[in-house]
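Heads up, the thing below is written out as C-alpha cells.
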Amino acid sequence: MGLDMYLQRKFYVQNWSFMEDKEKHFITIAKGNEPSTIPTDKIVFITTEEMRWRKANAIHQWFVDNVQEGADNCRNYDVSKEQLKDLLKLCKEIKEENSKAEELLPSQEGFFFGSYEYDEWYFDGINETIEIIERVLKIDEDWSFEYNSCW
C-alpha cells in the first residue's frame, strides 16, 4: 500500500465517415488466438501507461498544485505538453544542482507517501521523470496525457 502515480497517454483513434482510408486507424483486438467481441468501430481512445511512480511524493505534489488545482482526490486530470515541459525544467534544474530540491520540488507528507528525505529514492524519481518526459515529448502524433494517483 502506498502512493502510486500514473502518467497515461491517450490516442484519439475514432474514425469518421468523411475520413479517407489513409487517415483512419485500423484496430485489431484478439484474446488468445480468437477475435475479441469488442466492437473496434466504437473505440474512441487507446490509452497507454507511460510512467508509473511509487511514492514520489514531491512529483505528486507538483501535479496536485499545477495540474489538479490543489485537489488531491485520486481522479484523472488532463496534463498539457506545456505542463510536462515545466516539470521537466524543474527536474533538470534539480538534477544539475541537488541542493535546489527542497526549494524547487519539496517532499510532501501524506498517508503512505513514503520517505520525505532528499535521498537516492528522491533523485531516482527525478531522473526517471526526466527520461520519460523527454521521450514522450518527442512523439509526433496526436495525443493527450492524463495523470492520476491512488493510495
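A short reminder: the numbers here are calculations on the coordinates, not readings from a lab. These numbers were taken from a predicted model, which means no experiment stands behind them. Cβ coordinates were reconstructed from backbone atoms using ideal geometry, including for glycine residues, and neighbour counts include every protein chain displayed.
The spread of Cα positions in the stretch 57-120, taken along each principal axis and listed from longest to shortest, comes to 31, 30, 16 Å. Assuming charge only on the beta carbon of Lys and Arg (+1) and of Asp and Glu (-1), the dipole of the chain about its Cα centre is about 520 debye to the nearest 20.
When the stretch 1-81 is described by a simple charge dipole with +1 on each Lys and Arg Cβ and -1 on each Asp and Glu Cβ, the residue from 6, 40, 19 located farthest towards its positive end is 6.
Here the Gaussian network model covers the chain, with springs between Cα atoms less than 10 Å apart; of 97, 20, 49, 20 fluctuates the most.
Against the empirical curve 2.2 N^0.38 Å, the C-alpha radius of gyration of the chain lands at a ratio of 1.24.
Of the trypsin sites (Lys or Arg not before Pro) found in the stretch 1-41, those in coil by DSSP whose Cβ has at most 16 other Cβ atoms within 10 Å are 24. Counting only Cβ charges, +1 for Lys and Arg and -1 for Asp and Glu, the dipole size of the stretch 50-127 around its Cα centre is about 320 debye. Measuring nothing but how far apart in sequence close Cα pairs (under 8 Å, 6+ apart) lie, relative to its length, the chain scores a relative contact order of 40 percent.
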